[in-house]
Amino acid sequence: MALLEIDNLTHYFGGLRAVGDFNLHLEEGELVGLIGPNGAGKTTVFNLVTGAYKASEGSIRLNGAELVGKPPYVINGMGISRTFQTIRLWNSMTVLDNIKVAHHGRVKYNLLDMFLVLPRYRESEREIEAHAMELLRLFKLERHAHEPARNLPYGEQRRVEIVRAMASQPRLLLLDEPAAGMNPGEIGSLMEFIHWIRDEFKLTIWLIEHQMRLVMNICERIKVLDFGETIAEGTPAEIQNDRKVIEAYLGEEVEGV
Amino acid sequence: MDATFIQQFFNALQLGSLYALIALGYTMVYGVLLLINFAHGDIFMFGAFMGVLGSWVFGWGFVPTLILSMLATALLGVTVERVAYKPLRAASRLSAVITALAVGLLLENGMLALTGADPRKYPDDFFATQVYQIGSVSISTVKLLVIILAFALFVALFLFVRRTKWGMAMRAISYDKFAVPLMGVSQDRIISLTFAIGTGLGAAAGILWGVAYPASLDTYMGMLVGWKAFIAAVVGGIGDIRGAVIGGMILGFVEIFVPYWGQGIGVSSTWRDPVAFALLLIILVIRPTGIFGVARRQKV
Amino acid sequence: MFADLNLRKRWAAVTMPLREQLRRIPTLSYLVGLFAAVVLEQAVGKDFAQNVLDFRRLPRFFGIVDIFEPFGNLDFSGVLAPFFPSPTGLTQTPVQDAGNAIGQLVTDFVNALFYQGPRDPGFFSVFLRVLVYDVVVFVIPTLVVALLVGWLLTHLLRGLPGWLIVALNVAALYTVVALWGGDGGTRELTLVYMGINIMLAVSLNLVNGYMGEFSVGHAGFMAVGAYVSSILTMWFFTDTTIFEGAPLVATDSGVVLVVGFVVALVAGGVAAALAGLLVAFPSFRTRGDYLAIVTLAVNFIVQGVLNNIEVVGGARGLNGVPLWSDLQWVMILTIISVIIIYNLVNSTYGKGIIAIREDEIAADLMGVHTRQVKLVAFLVSSFIAGMAGGLFAHALAYVNPGMFGILKSTEALVMVYLGGMGSISGSVLAAVIFTLLVEALRPLAILKWVVIPLILIFLMLFRPQGLFGFREIKFNLRGGESAAAAQEAGDGTA
């Protein structure tokens, strides 16, 4: 059984078919890319998988458990986490607090424990803080732990978002345009970084990206969307030579191909 | 349909028109600034008080007094916007709302402190009332005046907003602040104009209210009425002119017909307010952005 | 101009070592100092006030209540009345009348400033004498004693666990306030209002500041708590014609009464929390302005329903609520409320509330059960408001629906935004300031409600984030140059 199985996923906004008949099976440990011109429905697929939108039709299963209809926090707890196209940190909170709040699923106390600062509360808080700090250390962000997230430079904020996504110990990580706004040098280190995360945390990674250099270099498999429909699927080499893909990208800027 | 029903119908139409006139002030300001102008109820009070000035001190008749009140109140509205709200345009929206609340308190209490608490009313000959008998239904000229004048103002406003360059700029500004200067109109002027029209209509409502309900003229008259009209504007879909009219009418009809139908089943007329608010609450829960409001999808 | 600046610099330089010292000593030493000052006031305060400073009685609430009293005679109503006349107040010469009124006003004002008669001193005289009284009786003794014990306390506190130090501070504050304010009179009543206001401000800040919603109907929850607890205590413990007549529980046993009051207050809080559901459920779908309307409507509905229930007195309200909210009750519940909110917003769970304010969708997708968190925030907030309402009713001995209108809700809003959103200590401080302001301005009658909105308008124009927006007042609990104190000093000069 694959880790994630998406079958016949279809979604409408009003009358508009934003995603049509989307199928994808992700195996444990894979690194898969999702590409397509702007407005192709890529982020919508991520929103459907993470529960931000409820799919109109089709099924999404994680380890065989149906996800459609479940609220986002449950899906997050089941092992899918993500980052966003534009950075969505909780700006006024410190970096550490950003990571801690993403541990919500691991809170093991009730309101009374909290109001009275009972041992169970202290124990759980200690655990969460230790785990959050450990993550920050792993990602070399611990010196920023007590700074408000908004004070960090753009690139660091992107990294904090990835750390935050790791807080719930996901098995599947969705990255929505991780290279957006980065220069070629930064993209190079990002590629290493993504590989490192996958190996360090034994993750499956699925990413949306416009930067072809990144997608073609690190993804093992690529799926191409246009107007919500899948137009191609295959290895980077196959995709690069696919006539339909080239057509879809005509007029679009094709970076690095 | 019996005569009292028809009579109540006209009462509701009158009350609804007045609420709608006030609700327009809220909705127009919200439309351009996304600001809940909590001071508007007290602007309405100020309009009614300008009627006292015109009628008693100047000895003017209804029409000149109405015009005086609308102009003076519009001036007040524009001044309030320039002095208190404009400096906060860049700050968080909440600061402006809190300021609006404070301006409202300042107006009603300041007016009370400066003019005293004696009960006021317009002169008896301010608007000579006649009562027409149509069958067993009697309709006073005051009611006709309120309803007809209110509708004339709605139509005028609707045409203004739809047909003129200024009106279109007003509608555009809530979508895109930066596009308006491109249309060759200054943003500040549009905002001032909006306040002037909104508060002017509020003043008209104030005078009509004083004529229709003579016992209500005091410095706190705008408090509850203002809050109610505001909720009416929201129920209609704040920012939309038709919404303000419909919301005001709904409120007017509920307030008249709850006691009218309620007396048959032993519900006292004082249930009017809670029932009206509960109904508005239910409408809002079913349609969170009001009847004419457009839900804006939040982007993920 | 320059001389003035130099003087200030030199003053700052001379006082530098002293201020440095005052920053180093732990907070507890100030509370010990205050305790000494309170003892001093009880010993010699009255003599000093009457014989040396020529007051007729002890200055009320540090004299704050006395200083604006000379303005109590000002009557502004003649200024515009000639232009907005009542039918009986018509005048042929409005301009002249208004001019006369203004002239009279100016004369009265000048008199109020300087001298209005042998038994009515002017503002300056009262103000100066109040200043002398406060400095001699409170400021100097507090600082001197604080400096004396500061060194000792710094050493004593070393090595104690943090929670114990906090507990010591709270206990000391409690003792000082109880000793100073437990007079059963105006001091106590003012402090009772202050505690209730703190509860209101802090609980509203949870929703408006931390969660970023805009609730404008907080008084509605207060009303529910006030009525439910009053009905219970009256029904069970008082002889009233409204309910059964004779009390259900006729007892003088202190324990039973205490338990009874606790149960009644908690029941009031629970009822208010249930009313809070009326706002919490719509909040799942609605945010911002529309939710604000929901809170407003709930406030009106609560008020309107209470107006119409004859059993609880309708618009007249309930009379004969037992006078049980004394200073101790209010202080204990205020402290508990502040601790509850503090622990909530500082927990990982409660920080989910802040995450909702910052970016609700991100919170949802990052594993925060946003609906549950919102529910908790609204329930805790309305529960505390309900308890505050219960205390309020039992402090006044009566309740009526009119007390819990938009004006009361506005007061709570004023405190929250004065103190700053997302700041508990800011809200506490703002509630203290607001209560004192209301007391100080009481002699001005209606002008009070002109001055307060003006303050609010200027606050929004010049300091829209409030006194302490999104940060807390830092206390030097352990003494010594702690990092927090150093940082606070840095903030002060910035």
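Every read-out reported here was derived from the displayed coordinates using simple, explicitly stated rules and does not represent laboratory data. This is a predicted model, so every value here is computed, not measured. All Cβ positions, even for glycine, are placed from backbone atoms using ideal geometry, and neighbour counts span all protein chains on display.
Of note:
- Per residue of chain B, the DSSP helices (runs of n ≥ 4 H) give a summed -39500 (n - 2.57) that works out to -23000 deg cm²/dmol at 222 nm.
- Taken about its Cα centre, segment C:17-176 carries a charge dipole of roughly 720 debye when the Cβ of each Lys and Arg holds +1 and the Cβ of each Asp and Glu holds -1.
- Farthest toward positive dipole pole in segment C:184-462 [+1 Lys/Arg, -1 Asp/Glu at C-beta], among C:Phe392, C:Phe281, C:Ser253: C:Phe281
- Chain C shape via C-alpha gyration tensor axes, a/c threshold 1.5: rounded
- Computed [θ] at 222 nm, helices only, for chain A once each DSSP H run of length n ≥ 4 contributes -39500 (n - 2.57): -11000 deg cm²/dmol
- Taken over segment C:31-152, the alpha-carbon convex hull comes to 136 cubic angstrom per residue.
- Per DSSP, loop chymotrypsin sites (Phe, Trp or Tyr not before Pro) in segment B:124-213 with at most 13 further Cβ within 10 Å: B:Phe178
- Relative contact order of chain B, pairs being alpha-carbon contacts under 8 Å that are 6 or more residues apart, as %: 35
- The calculated FRET efficiency for C:Val132 paired with C:Ile339, based on their beta-carbon distance and R0 = 45 Å, is about 0.75.
- Shape of the protein assembly as shown, Cα gyration tensor, a/c cut at 1.5: oblate
- Where the Cα pairs of segment C:184-462 fall when distances are cut into 5 Å bins, in %: 1, 6, 12, 17, 18, 17, 13, 8, 5, 2, 1, 0
- Exposed trypsin sites (Lys or Arg not before Pro) absent: longest stretch of chain A, with sites in DSSP loops and at most 15 other Cβ within 10 Å deemed exposed: A:141-201
- Segment C:184-462 - percent relative contact order, Cα under 8 Å, separation 6 or more: 37
- Across every direction, the projection of the convex hull enclosing the Cα atoms of chain B has a mean area of 17.6 nm².
- Relative contact order, percent, chain C [alpha-carbon distance under 8 Å, six or more residues apart]: 23
- Helical segments meeting 18 Å axial Cα length and Kyte-Doolittle -1.0 threshold in chain A (DSSP H): A:154-166, A:184-201
- At R0 = 30 Å, FRET efficiency that the Cβ-Cβ distance of A:Glu129 and C:Arg158 yields, to 0.05: 0.75
- 0 to 90° range, to nearest 10: angle between helix B:141-163 axis and chain B longest Cα axis: 20
- Under the Debye formula (equal points on every Cα, no solvent term), log10 I(q)/I(0) of segment B:60-152 at q = 0.26 Å⁻¹: -1.28
- One Cα centroid belongs to segment C:449-472, the other to segment C:45-77; the line between them spans 28 Å.
- Prolate/oblate/rounded label for segment B:15-102 (Cα gyration tensor, a/c 1.5): prolate
- On Cα atoms only, tilt of B:241-262 relative to the major axis of chain B in degrees: 30
- Principal-axis tilt of helix B:3-33 within chain B, Cα atoms, nearest 10 degrees: 10
- For A:Gln169 and B:Arg93, a Förster radius of 41 Å and the Cβ-Cβ distance give a FRET efficiency of 0.60, rounded to the nearest 0.05.
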